1. Of everything in region A:83-93, what is out of contact with any Ser or Thr (no Cβ under 8 Å at 6 or more places or on another chain) and either open to solvent by less than 40 Å² (accessible area, probe 1.4 Å) or under 22 Å from A:Glu184 (Cβ atoms) (or both)? Give them in sequence order.
2. Can you give me the number of residues within region A:160-185 that are within 22 Å of the chain's Cα centre (by Cα), within 12 Å of chain B (Cβ to nearest Cβ) and not in a strand (DSSP E or B)?
3. Please list, ordered by residue number, the strands (runs of 3 or more DSSP E) wholly in region B:58-104 having 2 or more residues that are of a type in the set (A, V, I, L, M) and within 26 Å of A:Ser119 (Cα to Cα).
4. Could you list, in sequence order, the residues of region B:46-58 that are open to solvent by less than 10 Å² (accessible area, probe 1.4 Å) and either over 15 Å from B:Pro104 (Cα atoms) or more than 13 Å from chain A (Cβ to nearest Cβ) (or both)?
5. Could you grab me the full set of residues in region B:99-128 that are of a type in the set (Asp, Glu) and within 14 Å of another protein chain (Cβ to nearest Cβ)?
6. Being within 24 Å of B:Thr355 (Cβ to Cβ) and part of a loop (DSSP other than H, G, I, E, B): is that true of B:Ser119 here?
7. Let me confirm something: among A:Val103, A:Val136, A:Val121, which residue is within 30 Å of B:Val55 (Cβ to Cβ) and either open to solvent by 30 Å² or more (accessible area, probe 1.4 Å) or touching a His at 6+ places or on another chain (Cβ under 7 Å) (or both)?
8. I'm checking my understanding of the structure. Among residues of region B:357-376 that are in contact with a strand residue (DSSP E or B) (Cβ under 6 Å, 6 or more places away or on another chain) and more than 15 Å from B:Val315 (Cα to Cα), which one is surrounded by the most Cβ atoms within 10 Å (Cβ to Cβ)?
There are 2 protein chains.
Amino acid sequence: MKKTRILMALTTLLCLPLVAQDEAPKDDWKPATSNQPGKEYPKVNSEGRVMFRIVAPNAKTVGCTFRDSSEFKKGEDGAWYGHTRPLDEGFHYYMLNIDGAEVPDPNSRMYFGAMRWGSAVEVPAHDQEFYELKNVPHGQLREIYFHSPSTDSMRRAFVYTPPGYDADPEMRYPVLYLQHGWGENEYGWGEQGYAGFIMDNLIAEKEARPFIIVMTYGMTNEIRFGGLRNFNIEPFETVLVRELVPFIDKHFRTLSDQPNRAMAGLSMGAMETRMITLRNLDTFSHIGLFSGGSIRPDDIEDLATFKDRNKLVFVSYGSKEVGGDRPRRGGNPEESVEALKKEGINSHYYVSPDTAHEWQSWRRSLHEMAPLLFKE
Amino acid sequence: MKKTRILMALTTLLCLPLVAQDEAPKDDWKPATSNQPGKEYPKVNSEGRVMFRIVAPNAKTVGCTFRDSSEFKKGEDGAWYGHTRPLDEGFHYYMLNIDGAEVPDPNSRMYFGAMRWGSAVEVPAHDQEFYELKNVPHGQLREIYFHSPSTDSMRRAFVYTPPGYDADPEMRYPVLYLQHGWGENEYGWGEQGYAGFIMDNLIAEKEARPFIIVMTYGMTNEIRFGGLRNFNIEPFETVLVRELVPFIDKHFRTLSDQPNRAMAGLSMGAMETRMITLRNLDTFSHIGLFSGGSIRPDDIEDLATFKDRNKLVFVSYGSKEVGGDRPRRGGNPEESVEALKKEGINSHYYVSPDTAHEWQSWRRSLHEMAPLLFKE
């Protein structure tokens with residue numbers, strides 16, 4: 001891990017000057033891995049710029065939602081072309097704009113974010129190897145439905161079962177409940193988050209213990225921007241803790257005691273994780289907060305009980321989220337983690353290099369946290 | 001079943017004149033169930049017309065890919081509106097056109113068809129109850145990866161396991177291999193095909209025996225329109241029969257003998273099914289061809305062996321595919337089925353009322369065929 005981080009830092013130092021000196025985009029474009037099958041565009045170059053191509057013969061203006069993009073111009077083939085500024089490594093949502101209509105790029109695969117199925121582009125990351133599809137034993141991502149009396153609905157969840165789950169009917173596994181962010185849904189961790197491949201690769205390398213991951217929709221009540229301050233956790237807490245947890249324990253071979261149950265989430269999902277785990281110390285022993293606050297000793301009502309029950313508090317951010325001395329609600333996360341450590345709580349702080357409030361930070365966070373979960 | 005068919009026929013007779021007399025669309029629009037979460041448009045009315053709304057302030061022309069649609073016009077809110085002719089019940093792919101750019105409708109969920117993730121709309125069907133999400137025990141739709149030496153790739157499949165699969169580690173199940181059509185992929189049957197809900201509902205009503213369904217990508221070699229006549233089945237046959245079948249038999253609790261293995265497919269998938277099953281009588285006992293040809297006695301090399309090994313030949317079409325006396329390659333499917341019956345082969349012919357070469361025909365075909373599979 002340490003070697004990787006040094007390499008990451010070096011790569012960044014070497015790459016930055018190149019991009020700054022070069023005004024014209026480097027001509028080493030390659031089709032993005034997030035493209036629809038057989039589509040050449042969008043293309044990404046080694047600076048992390050993305051080039052789009054869209055056939056819109058009668059359009060007056062074409063653009064994309066990435067700020068500071070080039071002007072889109074008609075090429076010799078009659079199609080429109082435009083490119084972005086150098087983007088961070090990893091995954092970015094976007095939409096095209098054709099004469100004022102914001103639409104998905106027909107060349108991109110579709111992902112759910114910002115409350116809609118739309119486009120996104122994958123900028124290759126120097127460390128992408130950890131979430132690549134490899135010829136190793138694979139777990140399964142299972143789409144399941146469970147009945148929720150509190151919301152009077154059938155609800156969907158995805159359940160990752162580790163490789164070998166079906167081979168031994170006596171074997172039982174710990175469970176991580178893993179939440180998406182605001183405007184995303186239960187597909188996020190399995191699709192753009194690559195949770196399955198991350199776990200398959202870690203397990204193949206014997207770096208993490210095999211466990212089950214459960215992902216469901218976390219926006220049970222109507223949450224809109226600005227409303228998070230007065231957010232009522234109870235509807236989702238009921239679905240997750242009183243309905244889904246018992247369903248999973250009934251239908252999967254779980255280790256169903258508190259030491260073998262974790263919850264983590266990103267952004268709004270971290271906020272939900274923080275609220276739910278602090279209110280349910282008897283249910284969850286491991287806590288993961290990715291880009292969504294931290295826990296200070298004085299947030300904890302009964303510190304003695306917490307110290308007794310909790311096995312891990314993992315807090316992470318993208319480096320671009322915590323840079324500078326911007327004040328943040330809940331205080332400095334690194335200081336919170338240090339304060340927990342001083343209280344004797346097994347607490348970890350991770351910063352994803354050169355990434356912001358985006359999926360590359362969260363893929364790396366899962367990859368860093370998973371080996372720390374359910375240690376015996 | 002018979003009652004349903006009479007009702008379907010009656011409904012059609014009653015509905016047709018209404019639509020024909022009425023020039024202005026009936027004003028009973030409701031949001032389509034295929035919409036993105038929270039989206040009001042596209043809307044569908046009781047005639048089966050679909051109304052679109054797209055914000056495109058600077059566009060000169062807006063349209064959709066449904067032929068005979070109304071001209072799209074700007075409404076008082078500045079958005080563009082247009083509607084289709086009355087469409088058949090069921091599921092239809094489409095795209096929007098904005099100043100010549102063919103793009104997905106940002107209001108629709110995304111489905112894979114015509115070689116791309118794009119838009120589709122669900123026109124409510126009078127018999128949609130059979131594929132609705134109900135509070136019954138649900139199976140699981142599992143995303144799996146298997147290694148394919150012949151194509152040197154990791155390949156995806158979806159596996160439907162019936163309700164209760166995980167409850168009894170001694171229980172083994174028959175398997176249906178189920179193929180999508182040209183330009184579609186392995187997501188088709190699970191998403192727009194509702195294969196899981198169809199089976200969950202049939203099993204809850206004890207109308208079908210619980211079995212496993214395996215769905216993988218069938219366009220292993222490059223298949224393009226016009227190339228189907230010289231289509232080489234071998235690459236896909238190798239992946240399916242020599243690689244996937246053994247993988248499934250190893251990793252799932254299958255009944256792995258020939259009497260407990262079926263193959264079916266729609267359109268190009270039916271063509272593949274026909275070629276593969278006729279060449280592998282020792283592997284598959286049940287054959288389902290949906291909208292993609294039939295089998296005549298003189299297509300079968302060794303009729304005696306076929307009669308001995310085969311348990312079912314199920315052939316189906318949408319009524320709008322087989323209406324009139326259009327000649328079709330492979331001859332009249334109903335006559336083929338009758339000829340098989342005369343040879344003593346358990347053969348069934350089903351026509352989906354008032355549907356064409358589309359998913360409603362294929363949902364109904366699976367619903368009709370499933371109760372006939374793996375009878376003891």
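The values are calculated or read from the model by the stated rules, or taken from the named source; none is laboratory data. These numbers were taken from a predicted model, which means no experiment stands behind them. As a convention, Cβ positions derive from the backbone with ideal geometry for all residues, glycine included, and neighbour counts pool all protein chains shown. Surface accessibility is based on the protein's heavy atoms, side chains included, excluding ligands, DNA and RNA. Shrake-Rupley method; radii C 1.70, N 1.55, O 1.52, S 1.80 Å.
1. Within region A:83-93, A:Leu87, A:His92 qualify.
2. Total satisfying the criteria: 4.
3. On the way: elements: B:62-64, B:80-83, B:90-94, B:96-98, B:101-103.
Where strands (runs of 3 or more DSSP E) fall fully within region B:58-104 and carry at least 2 residues being of a type in the set (A, V, I, L, M) and within 26 Å of A:Ser119 (Cα to Cα), they are B:96-98, B:101-103.
4. Selection gives B:Gly48, B:Val50.
5. B:Asp99, B:Glu102, B:Asp105 - these are the residues of region B:99-128 that are of a type in the set (Asp, Glu) and within 14 Å of another protein chain (Cβ to nearest Cβ).
6. When the stated conditions are applied, B:Ser119 does not pass them.
7. Unique residue meeting the criteria: A:Val121.
8. B:Trp359
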